[in-house]
Amino acid sequence: MVGFTVIIPALDEEKRIANAIEETSRVFSLFGKTFEIIIVDDGSTDKTADVVESIVVAQRVAPLRLISHDRNKGKGAAIKTGAAAARGEWILFLDSDLATHPSEFEKFLPYLSDYDVLIASRRVAGAKIAERQPLYRTWLGRLFNLCVRLYFGLPYHDTQCGFKAFRRNAIPLVTCLETDGWAFDVELLHRARLSNLRVKEIPVVWRHGTESRVRLKHFWTIAGDLRRIKRRFSSSHF
């Protein structure tokens with residue numbers, strides 16, 4: 001079995017997907033286990049797929065696969081697709097802007113034996129914001145996370161950092177997620193708690209990138225997703 005699978009969802013990332021692949025490959029080659037990288041092209045309209053294909057053909061990095069959606073389905077959908085194809089004992093997903101650098105996975109290594117889900121956090125003791133996002137996004141993020149914690153009873157300080165890992169036994173939990181958009185992290189963590197999986201929040205170094213395409217106009221869509229998640233699990237049937 002492969003040691004680690006790294007899933008990188010990508011939408012119109014032709015300018016930086018090569019760097020994301022090469023940095024991920026460089027870092028994971030240092031961990032002493034086999035690994036693979038899966039790029040899920042989520043309906044890009046630029047040359048993202050062509051760039052990845054050129055790297056695959058040139059065999060410039062360790063096992064690299066490209067899976068393409070025929071249309072944009074959402075980040076959650078891309079991660080579900082990657083998880084379904086993963087061969088790793090542990091599966092990590094990260095953003096192509098490397099807001100949380102692949103090297104931060106080293107902080108996860110001591111916890112692999114004792115937990116099922118590991119989530120990066122920008123808001124627990126020891127975390128560092130190397131490059132801040134605009135102030136309005138910081139406060140919106142904090143407000144969102146507070147609402148999520150109160151609404152779902154989740155104990156985590158940061159549900160939305162795009163750097164999470166899960167053990168292979170949690171793949172069915174990920175592939176059955178019904179939320180394809182921005183709120184999929186909330187459903188993932190809510191399902192993990194209801195399934196009594198062991199979850200650990202780990203402080204990381206984070207810098208503002210451009211991965212998030214969430215805007216104020218998406219508020220009602222996100223709110224609707226959260227309501228559906230809450231209703232879906234209110235009867236504990238999942």
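The values are calculated or read from the model by the stated rules, or taken from the named source; none is laboratory data. None of the values given here were measured: they were computed from a predicted structure. Positions of Cβ are generated from backbone atoms using ideal geometry, with glycine treated the same way; all protein chains shown enter the neighbour counts.
Identify all residues within region 123-174 that are on the phi < 0 side of the Ramachandran plot and small (Gly, Ala, Ser); write none if there are none. Step through it out loud before you land on a result.
Filtering region 123-174 down to residues on the phi < 0 side of the Ramachandran plot leaves 123-125, 127-152, 154-174.
Listed by number, the residues that qualify are 125, 127, 130, 141, 162, 165, 170.
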- request: Return yes when residue 235 is farther than 27 Å from residue 16 by Cα, at pLDDT below 75, among the polar types (S, T, N, Q) and more than 19 Å from the chain's Cα centre (by Cα) and no when it is not.
  value: yes
statement: Being of a type in the set (A, V, I, L, M), modelled with pLDDT of 95 or more and in contact with a Lys or Arg (Cβ under 8 Å, 6 or more places away or on another chain) narrows 55, 39, 67 down to just 39
message: With the structure loaded, tell me whether residue 162 is among the small types (Gly, Ala, Ser) and in contact with a strand residue (DSSP E or B) (Cβ under 9 Å, 6 or more places away or on another chain) or whether it fails that test.
response: yes
message: I need the full set of residues from region 174-185 which are modelled with pLDDT of 95 or more and either buried (at least 20 other Cβ atoms within 10 Å of the Cβ) or not β-branched (Val, Ile, Thr) (or both), in order please.
response: 174
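If a residue must be of a type in the set (Ser, Thr, Tyr) and closer than 20 Å to residue 79 by Cβ, how many such residues does region 23-44 contain?
Residues flagged as of a type in the set (Ser, Thr, Tyr) and closer than 20 Å to residue 79 by Cβ within region 23-44 amount to 3.
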message: With the condition being on the phi < 0 side of the Ramachandran plot, free of Cβ contacts under 8 Å to residues at least 40 places away in the same chain and surrounded by fewer than 19 Cβ atoms within 10 Å (Cβ to Cβ), I'd like the strands (runs of 3 or more DSSP E) fully within region 17-118 carrying at least 1 qualifying residues.
response: 64-69
- line: Note on region 146-166: residues in contact with a Ser or Thr (Cβ under 6 Å, 6 or more places away or on another chain) and surrounded by fewer than 20 Cβ atoms within 10 Å (Cβ to Cβ) are 157
